[in-house]
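The values are calculated or read from the model by the stated rules, or taken from the named source; none is laboratory data. From a predicted model like this one, the values you see are computed outputs, not experimental measurements. Reconstructed Cβ throughout: ideal geometry from the backbone, glycine too, with neighbour counts over all protein chains shown.
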Amino acid sequence: MKQYYNKKFKPNYHKLEEIDINVIRLLAPNPSPFTFYGTGTYIIGKNELAIIDPGPNIGSHIEIMLKIINKKTLVHLFITHTHADHSPAAKIIKEKTRSITYGYGAYPKERYESQFEEGHDLDFKPDIKLKDGDIVKGPDWTIRAIHTPGHTSNHMCYGLEENSILFTGDHIMGWSTTVIIPPDGDMTAYMNSLRKLLSLNYKVYYPTHGSPIKEPKKFVKALIAHRKMREYQILKELFNKSQSIKEMVSKFYKTTDKRLWPAAEKSILATLISLENRGKVTTLGGKNTRWKLTSK
Ligand SMILES: [Zn+2]
């Protein structure tokens, strides 16, 4: 998969970059091992704005958006999902401007995974709940909502129909694979959401983090193949002997930044749960102990 990732990215914090006709990107200054160079907020339109993921609660980032919004008639805030680097700025913008928030729904609190570093925005509730295929029209833009559960159950991608751009949030990132953290993160749903994109014909993907993906279908196919390879790798390891997730991570992610290993453990767990649901593997007692192949 590595050959497909694009780690070239020139961060321009606090600068408005015109990335396509009628589309501006504003990069938030929140770089981390999970966010790459930070959250890319996309601002669409001339008078009535559509903003995809206003981003984290960082004053300097929000100030720039408020300056752009100044005197605009109405702001539509579209949230891809409720991780803390995507949605919290919506609350502050909403307090200070005439705006409407959109998203699939609030984060399902009963599925909260507290250990994970990326963090959740547990307060966000959209004014308008969107369903798969819903269209929202502004004077000079049309946004199509595409429900893509997997990374989180409330994840949405948004198509900008006039430009044939798909804003993929964290569902597809150009610089790294997406982390899937059970129980809300679901590998089976994620794979189905990848396949769903193969039936849509957007010319380019803009993820929240990193550079655009210019050959999207080829990239999605490579992601599917990568996840399938990981499944095969796990089954092969377990064929030899029962193993813990930690043991597998230290083998599969040898060359990966160790700060990402806890997330990698969760991704392996997500794959194991998906295999378990298909009857291929079993735990030897609890999700965090050892796993083995299901004996026939
Ligand atoms: Zn996320």
If you go through segment 134-144 one residue at a time, do you hit one that is away from the ligand (no atom under 15 Å from the Cβ) and crowded, with 21+ Cβ neighbours inside 10 Å? yes
Failed condition for P182, given (1) surrounded by fewer than 19 Cβ atoms within 10 Å (Cβ to Cβ); (2) in a helix (DSSP H, G or I), with all others met? (2)
Any residue at all in segment 45-53 that is within 20 Å of D140 (Cα to Cα), modelled with pLDDT of 90 or more and either exposed (fewer than 12 other Cβ atoms within 10 Å of the Cβ) or not assigned by TED's automatic domain parsing to the domain that holds Y102 (or both)? yes
Got a sec? Which of H151, H147 is closer than 30 Å to M229 by Cβ, within 16 Å of the ligand (Cβ to nearest atom) and in contact (Cβ under 8 Å) with a residue 60 or more places away in the chain? H151
Do you know which residues across segment 58-81 are at pLDDT below 95 and polar (S, T, N, Q)? N70, T73
When you scan segment 67-80, do you find a residue that is closer than 23 Å to T35 by Cβ, of a type in the set (A, V, I, L, M) and more than 16 Å from the ligand (Cβ to nearest atom), even just one? yes
Picked from segment 1-24 (must be under 22 Å from G159 (Cβ atoms) and in a strand (DSSP E or B)), the residue farthest from the ligand (Cβ to nearest atom) is E18
Could you please let me know if L166 is outside the structural domain of P262 (by TED's automatic domain parsing), touching a Leu at 6+ places or on another chain (Cβ under 9 Å), more than 12 Å from the ligand (Cβ to nearest atom) and modelled with pLDDT of 95 or more? yes
Can you tell me which of H209, H226 is farther than 16 Å from A264 by Cα and out of contact with any helix residue (DSSP H, G or I) (no Cβ under 6 Å at 6 or more places or on another chain)? H209
Residues of segment 99-119 being at pLDDT below 95 and farther than 19 Å from H155 by Cβ, which ones? S114, Q115
Out of (1) buried (at least 17 other Cβ atoms within 10 Å of the Cβ); (2) closer than 25 Å to S32 by Cα; (3) modelled with pLDDT under 95, the one K258 does not meet is (1)
Checked against (1) within 16 Å of the ligand (Cβ to nearest atom); (2) out of contact with any Lys or Arg (no Cβ under 6 Å at 6 or more places or on another chain), P183 satisfies every condition except (2)
Given the conditions (1) away from the ligand (no atom under 16 Å from the Cβ); (2) crowded, with 18+ Cβ neighbours inside 10 Å; (3) at positive phi, and given that M191 satisfies all but one, which numbered condition is not satisfied? (3)
Conditions (1) without any contact (Cβ under 8 Å) to a residue 40 or more places away in the chain; (2) away from the ligand (no atom under 14 Å from the Cβ); (3) surrounded by fewer than 22 Cβ atoms within 10 Å (Cβ to Cβ); number of the one not met by L27: (3)
Please work out which one of (1) at pLDDT below 95; (2) hydrophobic (A, V, I, L, M, F, W, C); (3) more than 16 Å from the ligand (Cβ to nearest atom) is the condition A84 fails and give its number. (3)
Failed item, numbered, when L238 is tested on (1) crowded, with 18+ Cβ neighbours inside 10 Å; (2) of a type outside the set (F, W, Y); (3) under 18 Å from the mean Cα position of the chain (by Cα): (3)
Filter segment 261-286 down to the residues that are basic (K, R) and either part of a helix (DSSP H, G or I) or in contact (Cβ under 8 Å) with a residue 24 or more places away in the chain (or both), then identify the one that is surrounded by the most Cβ atoms within 10 Å (Cβ to Cβ). K266
Restricting to segment 30-44, name every residue that is surrounded by 22 or more Cβ atoms within 10 Å (Cβ to Cβ), in a loop (DSSP other than H, G, I, E, B) and either touching a strand residue (DSSP E or B) at 6+ places or on another chain (Cβ under 9 Å) or modelled with pLDDT of 95 or more (or both). G38, T39
